[in-house]
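No value in this document is a laboratory result; all are computed from the given coordinates. Predicted model only: the values in this text are computed from it and were never measured. Neighbour counts run over all protein chains shown; Cβ positions are idealised from the backbone, glycine included.
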Amino acid sequence: MNKYIQKGESGNQEGQEPQKEEKPSSLMEKIQQLGQTNVPQLSSDSKIHCLTIIGQIEGHLALPPQNKTTKYEHLIPQLVAIEQNPKIEGVLIILNTVGGDVEAGLAISEMLATLSKPTVSIVLGGGHSIGVPIAVSCDHSFIAETATMTIHPIRLTGLVIGVPATFEYLDKMQDRVVNFVTKHSKISEEKFKDLMFAKGNLTRDIGTNVVGPDAVEYGLIDEVGGLGPAMKKLNELIEQSKVEDGGLIQ
Amino acid sequence: MILYTTMPQELIYPTESESFTKQQTVTYQGVSLLVELSDAQNVQVIRILSSDPQHYLDERICPGTKISCASIEGLSANL
C-alpha cells in the first residue's frame, strides 16, 4: 500500500519543482510510518476525558513490554488530575481487559467510585475478572452487545504478600471483590456468587462467561449500548450534577 | 518440556532487562508518551498516556511518529 501511495505522490509531482521529490511531504512520511493519517484537530479543550483500561491490569510485577498493560501508577495520577481540574466535567471509561492484579484492579475501581465527577463505563470486547468491579464502579455502565465478562473466583497465579493462612486470605480477598460489585451494581450477592461458582460453562473451570444482554439482565451492568448512548448518558449526568451544584449554592 | 505450574510465565522465565530499557516514558509537549528507541537520534511513539481525547488527535505525537531525542528533555542524557 505504501508503494502505491508513493507512486501516486511522485506522479503528482512530475509537473512541480524537483525540490519536493527529494524531501517527502510530512503527510507522506506519516503514511509510511503508520499507514494512517490524522483527523483534524479541534481547538477547544475537551470537557470529557477518556480513560482506557486495556490489556492486562498490572500489579506489583512489571510485565514485559510486549504485553499491553494498564498500569495503576499511570491511571491513578490521571484520576487525581481529573478530580482536581475544574474544566473536566465527566469521564468516560473504556474497558477491554482480560483482568489481572486484584488489588490494582480494586484500587482503580475505588478511585472511580469515589470520583466526584460523573463517570460512565463501556465494556467493549471483554471486561473479564477484575474488569467487572471496574465496569460497575462508574455511575452508569454500558456493555456492547457482543462484549463479554467472565466472572470467576479469585485464583492464585501470582504472588500473595505475607500470608500465613492462604485459603482464608484468598477467601477474604474474594469477599472484597464480591462486596464491591454487589454494592455498586444491581446484582444480588447470591446471584453473583451463583455465576462465579457455576459449573459447566468454562472449560475445566468454574465461573460464567456473561455476554452483553445477559449482564444487563442479571443487573450487573445498567444498559446495552455503545459510544453514542454512553456519551448521551454522560452529558445527561453532567447536566444533572450542574443542577445539583447550582442548588447547593443558592 | 512442559511445565505444570500455577506460577506466571514471567516468574519462571524472567525477561531480559534490556527489553525494559528499550521503552521509556517521556513527557513531550506536555503529554506523557511511551516511546521506543528507533535509532540513535530518534524515538518512535508507541502509546499516548493521557486521558485527554484531544491529545490523541495531535499529529505531532500520534503513535508511530518519530521524535528527535534532542527535543525531549532528560532523555538524551540517558543515551
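Structural remarks
- Here the spin labels are modelled as points 7 Å beyond Cα on the Cα-Cβ line, and at A:GLN84 and B:ILE46 they lie 2.8 nm apart.
- Exposure proxy ranking, count of Cβ atoms within 10 Å, fewest first, for A:HIS60, A:HIS49, A:HIS74: A:HIS60, A:HIS74, A:HIS49
- Each residue, A:SER116 and B:SER19, gets one label point 7 Å from its Cα in the Cβ direction; the gap between the two is 4.4 nm.
- With the highest mean first, a sort of the peptides A:199-207, A:145-153 on other beta-carbon atoms found within 10 angstrom per residue produces A:145-153, A:199-207.
- Virtual spin-label span in nm between B:TYR4 and A:LEU61, 7 Å along Cα→Cβ: 2.1 nm
- Among A:ILE122, A:ILE88, the order by Cβ neighbours within 10 angstrom, fewest to most, reads A:ILE88, A:ILE122.
- Each of A:GLU217, A:GLU89, B:GLU59 was scored by other Cβ atoms within 10 Å of its Cβ. Listed from fewest to most, they are A:GLU217, B:GLU59, A:GLU89.
- Debye-sum result for chain B in log10 I(q)/I(0), which assumes one identical scatterer on each alpha carbon, at q = 0.15, 0.20 Å⁻¹: -0.60, -0.84
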